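Here the structure is laid out as structure tokens; the discussion comes afterwards.
Computed from the coordinates by the stated procedures, all read-outs in this text should not be read as laboratory data. Here the structure is a predicted model, which means the values were calculated and not measured. Cβ placement follows ideal geometry from the backbone for every residue including glycine, while neighbour counts extend to all protein chains displayed.
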Amino acid sequence: MKKRVQILSLLFLGISQIAFSQIKEEKLILDRKREPEVKKIEKKKTSVETIKNYPPEEKSQNPVNYDLTNVPAVSDFTTSTIEGEDISPKLGVDYQRNYLQFGMGNYGKVLFDGNVSYVMENKTEVGADAHVLSTSGLMKDYPWDSNSSKLDLGAFLNSYGEKGKFNVNAGFGSHDYNYYGIYALQPAEDINLKQQVQNIALNGYYDHYSNEILNDIRLKTSFVTDKFNAKETYGAVDLNLSKHRVKFPIEGVEFNADLGLGVETLDAQFDLLDKNSSNYFEGFIEPKLSFFRGKSYLMIGSGFSFLNSKTGTNMIPETLATNKSYWFPRAEIFFAGSELANLYLGVDGGLKHNTYASMLEENPYLVSDQQIRPTETKYRVYFGIRGDVNQNIKYDVSAGFAKVNDIMFFKGNSIFDMDNTLNRSAYNFANTFSAAYDNGSVNEVKASLQYFPLENLALDGDFSYNFFRLNNYDEIYNKPLVSAGIGAKYTMLDKKLLLGFKGFFESEKTTNYFEIQPDVVSPEQYYVTEYTNGKVGGYADLNLSAEYKAHKNVSVFVMGNNLLNNKYENYKAYRVLGAQFLGGLKVSF
């Protein structure tokens, strides 16, 4: 009875503390990060790597300096509009390595999840995973289809050698959904609003244990297609050379020398409407020197990029080709005053290649015809303070200002022809979005907090403020001014029972939208009015989860998403699912 009271008390406490928070939209995924363990390691300046007892014992006299990536105290809650996410906490890496999971819930949700891996005698691990989710959508809210399904398949290989570790992973994804966000027209119930996006990816990573000359090599490739014959190919190779822990002629000072070399290519071809095409090739060099004294350091570097671009449309017969060179400042100074407070400040910049694939991750309701440009951060100046309080509280607060060219955001589309008919394509109901770009500046404030009051209880929170000042638009579209989140993970009954909650909040966003009416002068045509200062309301969302390990190999789980039952819009007319409940069985082996 005492245990039941404890469980109920914790749940009510979680609800009372975060009933004002929110989700970004919801997506039911694995309750672990879907990437091989080897990719979670980064070279740092602290402790010796202990994962899988590597490097080998014979190198223990000259230990390699590895540490786990210092993950910031922010939520990794990935989101999409019509799905909900598995937010259950993790018991640990080993607990999640080999398992099969099946669940069902309201809104027609069906989940299948599985991961299998095997370590061979030569210290090589091979594995595969699968993730399938489907939902019937908002059948009671829309007369047309809003169902969705997603399939992700992956395979990976991790190999640990005497001199370095190697990872290669391949993946295939398919997302079927509908452009269901129709607000300006009233079409028939049986209209076809289908979109399907498929993605194939192959990535490789080699990490040399010693930072003598060779540091690491990374390869990323992907190929994306959709129902409307869009095709995008992306590839990147990044080589890092280094010489670390070199003595400097000042007592107690050492320095690291690093040189990054790489190329990045993008080719996107669209076969719809204006038939935009974009081809980019970037080569870059990033030298830097880092001087260390104790835990304090000074980093000085630069970024040099050369970009060749070719763009065109079916309206312009000749391809527009340009070549441009860039220089970006890179510097950071870190004052390690004490464990309680450490100050840092710096400046950076660079090119970020927007891709059709990355745009769809943020907004799946894009029309299959996009202008794709890289975003150039000319410079970003930032400062902050971070530290640990009594080893139980970890915090990081920072602020920054950036000058940016081609800031990307999403603008709503009107209908693409004015004929007064509802016999239209899936994307032709003022229900899609396109990437828009503008130059301007960004003011940002970020804060994150992790609190560990008990050995089996972890709390976290994050806050983000981003104010955009654009040259041509009065306000940026579909980006919130403020977003925040809080969460908790709690284990009980000798770690057999896991409880968790996530709460999210987002302020309202500005958007454009359209009013469509028959033209009085020409009734066979539509008359369209655009409004540029519409609002998509802010929202709060509460999510709880529980998992009980009934047997060493069998667990039962239940989770509830959007428990405030707020069918808010993430984009104009795209309402999310209301309160969702899903339960199921997990078998570990």
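Can you compute the FRET efficiency between Asp176 and Lys411 using 1/(1 + (r/R0)^6), with r the Cβ-Cβ distance and R0 = 25 Å? Round to the nearest 0.05.
0.50
Please compute the net charge surrounding Val197, taking Lys and Arg as +1 and Asp and Glu as -1 over other residues with Cβ under 9 Å from its Cβ.
Computed value for this residue: -1.
Spin-label point model (7 Å from Cα, Cβ direction): what's the Phe112 to Leu454 distance in nm?
Each label point is offset 7 Å from its Cα along the Cβ direction, giving 3.9 nm.
Test of understanding: what is the full-extension gain from Ala579 to Val347, defined as 0.36 nm times their sequence separation minus their Cα-Cα distance?
Taking 0.36 nm per residue and subtracting the Cα distance, the gain is 79.2 nm.
Would you kindly state how much longer the chain becomes between Val521 and Lys310 on full extension, computed as 0.36 nm times their sequence separation minus their alpha carbon distance, in nm to one decimal?
Between Val521 and Lys310, full extension yields an extra 71.7 nm.
What is the distance, in nm, between label points placed 7 Å from the Cα along the Cα-to-Cβ direction at Lys243 and at Ser441?
4.1 nm
Pairs Lys123/Lys586; Lys231/Lys324; Lys352/Lys378; Lys165/Lys247; Lys150/Lys509; Lys194/Lys310: which are spaced more than 22 Å apart, C-alpha to C-alpha?
Lys123/Lys586; Lys231/Lys324; Lys165/Lys247; Lys150/Lys509; Lys194/Lys310
Output the relative contact order of the range 450-589, whole-number percent, from Cα pairs under 8 angstrom with separation of 6+ residues.
17 percent
Run the simple label-point estimate for Ser296 and Phe589 please: 7 Å along Cα→C-beta, distance reported in nm.
In this crude label model, Ser296 to Phe589 measures out at 5.7 nm.
If each residue of separation counts as 0.36 nm, what is the full-extension length gain between Phe223 and Leu153 once their alpha-carbon separation is subtracted?
23.7 nm
Would you give the gap between the C-alpha center of the range 266-294 and the C-alpha center of the range 407-444, rounded to a whole Å?
Measuring centre to centre over Cα atoms gives 25 Å.
Calculate the FRET efficiency for Asn466 and Glu121 from the Cβ-Cβ distance with a Förster distance of 56 Å, rounded to the nearest 0.05.
That pair, Asn466 with Glu121, gives E of 0.65.
Could you calculate the FRET efficiency of Thr319 with Ile393 from 1/(1 + (r/R0)^6), where r is the beta carbon distance between them and R0 is 60 Å, rounded to 0.05?
That gives a FRET efficiency of 0.60.
Computed over the Cα atoms of the range 465-556, what is the convex hull's projected area averaged over all directions, in nm²?
So the mean shadow area of the Cα hull is 11.4 nm².
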